[in-house]
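Below: one structure, written as structure tokens.
The values are calculated or read from the model by the stated rules, or taken from the named source; none is laboratory data. Quick caveat, the model's predicted, so the values are computed rather than measured. Positions of Cβ are backbone-derived with ideal geometry, glycine not excepted, and every protein chain shown enters the neighbour counts.
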Amino acid sequence: MPALAQARGSEFAELSQIVKQAGLLRRRYGYYAVRCGLTLGAFALVWVGFAFVGDSWWQLGVAVALALVSTHLAFTGHDAGHKQIFRGRAANDAVGLVHAGLVGLSYGWWVGQHNRHHANPNHETDDPDLDISVLAFTVGQAHEKRGFLIWMAKYQAYLFFPLLLLEGISLRVSSFQSVWRDQMRARRLEKVLMIVHVALYLTAVFLVLSPLTGLVFILVHNAVWGVYMGCSFAPNHKGMPTVTDGMQLDFLRKQVLTSRNIRGGFWVDFLLGGLNYQIEHHLFPNMPRPSLRAAQPIVEEFCAQRGVSYSQCGVFTSYRQVLSHLHEVGAPLRAATG
């Protein structure tokens with residue numbers, strides 16, 4: 001995709017007023033109470049099932065269920081990081097730390113990375129989500145690859161989904177590195193939470209399962225979790241126009257033109273944790289998840305009236321666009337080697 005052309009003006013204040021008047025920024029305490037209760041209940045139920053099944057290869061089904069529930073715990077942690085649940089930071093951080101701790105992630109690391117992404121969506125140098133060593137999202141990044149990474153960039157469209165099998169492990173490694181290396185709020189608490197998570201997780205797995213079954217359980221759990229997380233976040237920006245230094249974009253256009261929505265009903269909303277309304281989420285990061293659906297037609301009409309391109313497609317079309325973009329970026333490298 002070509003880089004964005006320079007755009008002028010900003011109508012975000014007007015849009016923001018419309019959204020506020022519609023009551024879409026009000027907290028949804030009841031929704032999140034039910035959501036948290038059901039998700040935490042499902043998490044507990046999975047571990048009860050784990051204990052009940054015992055040392056059996058049927059535990060691989062439990063591993064898949066744990067991966068699905070873990071993703072939804074991460075979705076709630078994401079919402080807390082954006083202050084979608086409560087108005088104050090302390091209460092949101094408490095929810096975020098608990099949910100991140102249950103899945104073995106660093107909440108502070110995630111919030112820091114994600115806030116940088118929201119401030120610089122699809123920026124070729126400032127968006128951390130475009131800084132992935134094993135992938136190239138622009139032709140410039142592809143030409144910077146060296147060694148084995150050149151081969152990976154050539155065929156990255158074919159490697160994309162297999163690589164997601166490692167995403168869960170990558171997230172855990174990045175979390176541990178950040179907690180032990182970086183200075184962040186609640187660093188000591190996060191260390192304790194991560195140590196407790198690892199200790200309880202490994203103890204439960206190898207107390208109930210044989211070494212081989214336990215190892216396969218861990219691999220399946222992390223692989224499915226990584227794929228689910230990756231499939232939830234990848235369609236949002238990958239393959240959309242990128243931003244480079246020197247471009248002057250107002251807030252509205254910077255967020256809308258670099259984001260992609262995913263069409264769908266209740267099940268898409270549920271499976272993607274509200275991230276399918278990526279445009280609305282980027283414009284109003286603290287908007288509660290259940291309000292995003294109501295905000296979508298308002299934002300789409302507002303953009304249409306002002307000639308701002310608004311990207312929206314189905315789930316499978318979004319993945320096709322992502323893979324097509326990755327294949328296109330790797331084309332010059334394939335051509336260079338024949």
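Has segment 282-290 got any residue that is assigned to a loop (DSSP other than H, G, I, E, B), polar (S, T, N, Q), farther than 30 Å from residue 146 by Cβ and more than 18 Å from the chain's Cα centre (by Cα)? Taking every residue of segment 282-290 in turn, none turns out to be assigned to a loop (DSSP other than H, G, I, E, B), polar (S, T, N, Q), farther than 30 Å from residue 146 by Cβ and more than 18 Å from the chain's Cα centre (by Cα).
Has segment 15-34 got at least one residue that is crowded, with 20+ Cβ neighbours inside 10 Å and closer than 18 Å to residue 171 by Cα? No, every residue in segment 15-34 fails to be crowded, with 20+ Cβ neighbours inside 10 Å and closer than 18 Å to residue 171 by Cα. Sort out which residues of segment 241-275 are closer than 18 Å to residue 298 by Cα and free of Cβ contacts under 8 Å to residues at least 40 places away in the same chain, and write them in order of number. Hits for segment 241-275 are 265, 269. Only residues that are among the aromatic types (Phe, Trp, Tyr) and within 19 Å of residue 125 (Cα to Cα) were counted across segment 242-271, and they come to 1.
A quick yes/no check of all residues on (1) closer than 30 Å to residue 213 by Cβ; (2) touching a residue at least 40 places away in the same chain (Cβ under 8 Å):
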site	(1), (2)
17	no, no
44	yes, no
57	yes, yes
60	yes, yes
63	yes, yes
75	yes, yes
94	no, no
104	yes, yes
110	no, yes
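Cβ separations smaller than 7 Å between residues 6+ apart or across chains give the following pairs from segment 138-156 residues that are surrounded by 15 or more Cβ atoms within 10 Å (Cβ to Cβ) to residues that are of a type in the set (Ser, Thr, Tyr): 138/242; 149/133. The one condition from (1) charged (D, E, K, R); (2) closer than 30 Å to residue 137 by Cα; (3) in contact with a Leu (Cβ under 9 Å, 6 or more places away or on another chain) that residue 55 does not meet is (2).
Looking only at segment 13-48, which residues are among the hydrophobic types (A, V, I, L, M, F, W, C) and either part of a loop (DSSP other than H, G, I, E, B) or under 30 Å from residue 303 (Cβ atoms) (or both)?
13, 15, 18, 19, 22, 24, 25
Looking across segment 206-265, the residues that are surrounded by 19 or more Cβ atoms within 10 Å (Cβ to Cβ) and among the charged types (D, E, K, R) come down to 238, 253, 254, 260. Put simply, of 135, 45, 38 the only residue that is at negative phi and surrounded by 17 or more Cβ atoms within 10 Å (Cβ to Cβ) is 135.
Has segment 159-173 got at least one residue that is surrounded by 15 or more Cβ atoms within 10 Å (Cβ to Cβ), under 18 Å from the mean Cα position of the chain (by Cα), outside any helix (DSSP H, G or I) and not β-branched (Val, Ile, Thr)? Looking through segment 159-173, at least one residue is surrounded by 15 or more Cβ atoms within 10 Å (Cβ to Cβ), under 18 Å from the mean Cα position of the chain (by Cα), outside any helix (DSSP H, G or I) and not β-branched (Val, Ile, Thr). Out of 326, 292, 333, which single residue is at pLDDT below 95 and surrounded by 14 or more Cβ atoms within 10 Å (Cβ to Cβ)? Result: 333 is the single residue among 326, 292, 333 that is at pLDDT below 95 and surrounded by 14 or more Cβ atoms within 10 Å (Cβ to Cβ). For segment 249-281, filtering for residues that are farther than 24 Å from residue 39 by Cβ, of a type outside the set (Ser, Thr, Tyr) and part of a loop (DSSP other than H, G, I, E, B) leaves 5. Select from segment 139-164 the residues that are closer than 21 Å to residue 222 by Cα and either of a type in the set (Phe, Trp, Tyr) or in contact with a Pro (Cβ under 6 Å, 6 or more places away or on another chain) (or both) and list them in ascending order. Once the filter is applied, which keeps residues that are closer than 21 Å to residue 222 by Cα and either of a type in the set (Phe, Trp, Tyr) or in contact with a Pro (Cβ under 6 Å, 6 or more places away or on another chain) (or both), segment 139-164 yields 158, 160, 161.
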